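The block underneath contains the structure these notes are about, expressed in structure tokens.
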Amino acid sequence: MRKTALNLGWTRALGSGWRKDPAVPVDLPDDYISTLPRRAENPGAGSVGYFASQDAEYRKTLRIPENFDGTVFLYLDGVYEKSEIYAGSDLVFYHPYGYTPALIELSEYVRPGDNELRVTASCRHPASRWYTGGGIFREVQLYTAGKVFIRPLESFITTPDIFRDKAVVHLETVVENRTEAGEASVSMMVLDPLGTLSTELSQQIFLREGENRLSFDIPVSEPQLWDLSDPALYRLLLHVEMNGEEDEEEIPFGIRRIEIDSRNGLRLNGKTMKLRGGCIHHDNAFLGSAAFPRAEERKIEKLLEAGFNAIRTAHNPPSSALLSACDRLGMLVLTESFDCWRVGKTPMDYHREFEKWWEYDTSAMVKQARNHPSVFCYSIGNEIMEFDGTSNGVHWGKVQAEFVRSLDPTRPVTSGINMACGRPADHFKGMGYQEMAYEMAHSTGVYNGVDRWDEATKGNIANLDIAGYNYMYSRYDADREKYPDRVIMGTETMPFYVYENTQAVDRNSSVIGDFVWVAMDYMGEAGMGNVFWGKEPPSLFGFEGFPWLSCLQGDLDLTAHRRPVNYYRNIVWGQDAGIHLFVRHPKHAHEQFYGNGWHWEEVLPDWTYGPEWIGKDIAVVAYADCDLVKFYVNGEEKAEAVTERFMARAVIPYEPGFIEAVSFRDGAETGRDRIESAGEPSEIRLLPDRLEIAADGMDLSFIRAEITDREGRIVYGKDFPIHVTVNGAGTLAGLGSGYPKTPENYGTGERNSFHGSVTAAVRAGRETGEITVLFTAEGLKEASCIIRTV
């Protein structure tokens, strides 16, 4: 079918019914919640980052050509949530879930000329355990064809036979014939990753009236395999012609083989690998949940740079744009359906809709994902309350897993299993904070000598191809012996215990890898990763109060900048042979720090402190795979430390100037890192990720702005309100920092820097030209850059 983007030229009015604000022009994707005022009293509270609840209505004029007498579908990649879709005055479709695509036929509702589309969305909390956003936050397309057409989302490509000299591409598709039965011509062309014709086939077939399910085997010579290091993508061009009607579809796909078993682990194209994965939520921080294709692509670029080779889309299906980015860039994907089934976790979440809608939404998830070579596995849920068999949970696990396999038998099914399954209700009674935190991080599920976790979960694990263990690495060794055929995946692990998790993963072939919670900081679950100095936190599970915005658990912060934990992770994973030096603020030199396992020690690559700290103790840490680290201040050796678990620590007197950490193995230097004291802040340094973007109304350029001294050193300890002005052929899409505890609202064009930086996103208009982006702050020299739209 012909696809036409419908992302531009909408209006949006906040409110519902007769009580709506005046409509304003808006382009998609749009998250109307992200710029509303954050308040302590907002429903959802810390779970959603203290963002507001609100309804909205979108309208757009849809023009159908004169004399058109064909088929029309509307494709919505995601609307949060409880969306109602109208064509004129007709309610065409209602969709309660906010994270799966909706394909809606409009043929009987639209006429040649102008037609009004109307989409309502309702974001009402408490309905989620994390920030959701609200509105048409993913892309929209119009599909049009004649009376004979390839039905959207029904084509399914697999590559069952792969050899060095050839591969077989198997296509299953549905052609709908709304004319008389008769002969049809079907042609298929396969284009290789360079766009060169690889294979061309044509067949005459008989099409009856209505739906026709067809299948074809297409040979491909000298196949280029899709791999993480070389994500080669082919394209299949499918064309159908009959009774003067014709239709075509283009399907990107990859040729690759994934094999998984407990003895050999995970193999991609015959090569054994471990998943070095991270969980992500769907938001894009200062863009809200708006899934701009470029924002989704940048997210994957940053995660790859940070050492990840797989993501888990917790706890819902992602945008199609994100899956396409993973295909192009080489990132494996575990896509997940739900955070609850029939038993809810918040009063207004999906459990109210599950029994009626699970099949529709599971089908939408699978059909969205199954042609993407990056997708290697489906999850039917995260920490499902009835996974232990209560509320008929084993039955519901079975029907969902079987339904997924009926739609795609080529990929395994998993579920992230809660470590609390089988845990006695009074287990934590009388425990202190540290004992509780240790138990959470090292849970085995064994209580008073009885393996209650195993008893509670084995019924539903039997429904899965891979057992997803959330925070259960302490079971890996024992379960390898107890269940030698069980394939295990660490579907969530704690960042603070990356060393222990990685050791357990690497020594067990039955464990194919793990996914840290969480790869990128996200809005909501406010302050769960907070660090407490010199005192225990008041609660193991509680959220921090307003103005906390984000969880502070990510390897990357809200601007996708790497945090110290990520440098350590890559050392532990064996992906970084260097050394990375970080420093505690001297006020914490001798303090113990606490957290719940989702935290990390608060350190920075900063050696700039006031005169009151000169001569006082300061704690330093270096991450490196070596025997010994020596610390030098202004060229003079101050300490040496033996590395333990890839960390070397020392406490030394603070002196301004510079500090160096030098790593050694067997007496030979293996690396060094250096931090210099910064002077007074004076400049703003701009680092745009792209100086040229498409003039399509959708493309983005991300610009990191760093506060520096005159020598170009980042000033971490002094932050400023940064104002951004955009003129010319684009607009400011968003502005934010990594600060997890700010009362600021998005959408103002001003943001306080955090640790010396902010990041802006500039959106292209629809005309070629130049976008001038100006950053200003009182007391700093202004800075500007030009982004060209082409």
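The values are calculated or read from the model by the stated rules, or taken from the named source; none is laboratory data. Here the structure is a predicted model, which is why all the values come from computation and not from measurement. Cβ coordinates were reconstructed from backbone atoms using ideal geometry, including for glycine residues, and neighbour counts include every protein chain displayed. Areas reflect the complete protein model, heavy atoms only, side chains present, ligands, DNA and RNA absent. Shrake-Rupley method; radii C 1.70, N 1.55, O 1.52, S 1.80 Å.
Some points to look at:
- Selection within region 753-770 - open to solvent by 40 Å² or more (accessible area, probe 1.4 Å) and closer than 21 Å to V603 by Cβ: F754, H755
- Residue in region 588-597 that is most open to solvent (accessible area, probe 1.4 Å), counting only those that are closer than 29 Å to D627 by Cα and in a loop (DSSP other than H, G, I, E, B): H590
- Consider region 503-545 and keep the residues that are farther than 22 Å from T313 by Cα and among the aliphatic types (A, V, I, L, M). The one that is modelled with the highest pLDDT is A504.
- Hits in region 268-289 - residues which are of a type in the set (A, V, I, L, M, F, W, C), surrounded by 24 or more Cβ atoms within 10 Å (Cβ to Cβ) and more than 15 Å from S550 (Cβ to Cβ): L275
- Looking across region 149-167 at every residue that is out of contact with any Asp or Glu (no Cβ under 7 Å at 6 or more places or on another chain) and of a type outside the set (D, E, K, R), the one that is most open to solvent (accessible area, probe 1.4 Å) is identified as F163.
- Tallying residues that are closer than 12 Å to K147 by Cβ, without any contact (Cβ under 8 Å) to a residue 60 or more places away in the chain and not aliphatic (A, V, I, L, M) within region 177-214 yields 2.
Let's see how each residue does on (1) in contact with a Gly (Cβ under 7 Å, 6 or more places away or on another chain); (2) within 24 Å of R256 (Cα to Cα); (3) not in a loop (DSSP other than H, G, I, E, B):
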position: H282; (1), (2), (3): no, no, no
position: A290; (1), (2), (3): no, no, no
position: R294; (1), (2), (3): no, no, yes
position: I300; (1), (2), (3): no, yes, yes
position: H315; (1), (2), (3): no, no, no
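- Matching residues, region 550-603, being more than 25 Å from N752 (Cβ to Cβ) and of a type in the set (A, V, I, L, M): I571, V572, A577, I579, L581, A589
- Test set (1) closer than 22 Å to L225 by Cβ; (2) open to solvent by 10 Å² or more (accessible area, probe 1.4 Å); (3) not basic (K, R) - E297 fails condition number: (1)
- Search result, residues across region 529-540 that are in contact (Cβ under 8 Å) with a residue 12 or more places away in the chain, touching a helix residue (DSSP H, G or I) at 6+ places or on another chain (Cβ under 9 Å) and surrounded by fewer than 24 Cβ atoms within 10 Å (Cβ to Cβ): W533, G534, E536, P537, L540
- Just one of the numbered conditions (1) of a type outside the set (A, V, I, L, M); (2) closer than 20 Å to S337 by Cβ; (3) assigned to a loop (DSSP other than H, G, I, E, B) is not true of D426: (2).
- Test set (1) part of a helix (DSSP H, G or I); (2) open to solvent by 10 Å² or more (accessible area, probe 1.4 Å) - V565 fails condition number: (2)
- Within region 562-577, not a single residue is of a type in the set (A, V, I, L, M, F, W, C) and over 32 Å from the mean Cα position of the chain (by Cα).
- Considering region 51-94, and only residues there that are free of Cβ contacts under 8 Å to residues at least 24 places away in the same chain and crowded, with 16+ Cβ neighbours inside 10 Å, the residue that is farthest from A369 (Cα to Cα) turns out to be A52.
- The residues on offer are L552, L558, and the sole one that is open to solvent by 30 Å² or more (accessible area, probe 1.4 Å), closer than 20 Å to N42 by Cβ and either among the charged types (D, E, K, R) or modelled with pLDDT of 95 or more (or both) is L552.
- Count of region 478-508 residues which are within 18 Å of D261 (Cβ to Cβ) and either among the β-branched types (V, I, T) or open to solvent by 50 Å² or more (accessible area, probe 1.4 Å) (or both): 11
- Here V642 passes the criteria (1) surrounded by fewer than 14 Cβ atoms within 10 Å (Cβ to Cβ); (2) of a type in the set (A, V, I, L, M, F, W, C); (3) within 30 Å of R294 (Cβ to Cβ) except the one numbered (3).
- Filter result (open to solvent by 20 Å² or more (accessible area, probe 1.4 Å) and either in contact with a strand residue (DSSP E or B) (Cβ under 6 Å, 6 or more places away or on another chain) or of a type in the set (S, T, N, Q) (or both)) within region 574-587: Q575, G578, H580, R584
- Within region 256-276, the presence of at least one residue that is within 20 Å of T158 (Cα to Cα) and polar (S, T, N, Q) is confirmed.
- Among residues of region 246-267, those that are open to solvent by 20 Å² or more (accessible area, probe 1.4 Å) and either under 22 Å from the mean Cα position of the chain (by Cα) or closer than 16 Å to V375 by Cβ (or both), counted: 6
- Apart from one condition, T444 fits all of (1) out of contact with any Gly (no Cβ under 8 Å at 6 or more places or on another chain); (2) assigned to a helix (DSSP H, G or I); (3) at pLDDT 90 or above; (4) hydroxyl-bearing (S, T, Y); the exception is (2).
- Residue ID - nearest to M489 (Cα to Cα), chosen from residues in region 442-468 that are in contact with an Asp or Glu (Cβ under 7 Å, 6 or more places away or on another chain) and open to solvent by less than 10 Å² (accessible area, probe 1.4 Å): T457
- Of the residues A733, A648, A661, the single one that is under 30 Å from A285 (Cα atoms) and either within 35 Å of the chain's Cα centre (by Cα) or crowded, with 21+ Cβ neighbours inside 10 Å (or both) is A733.
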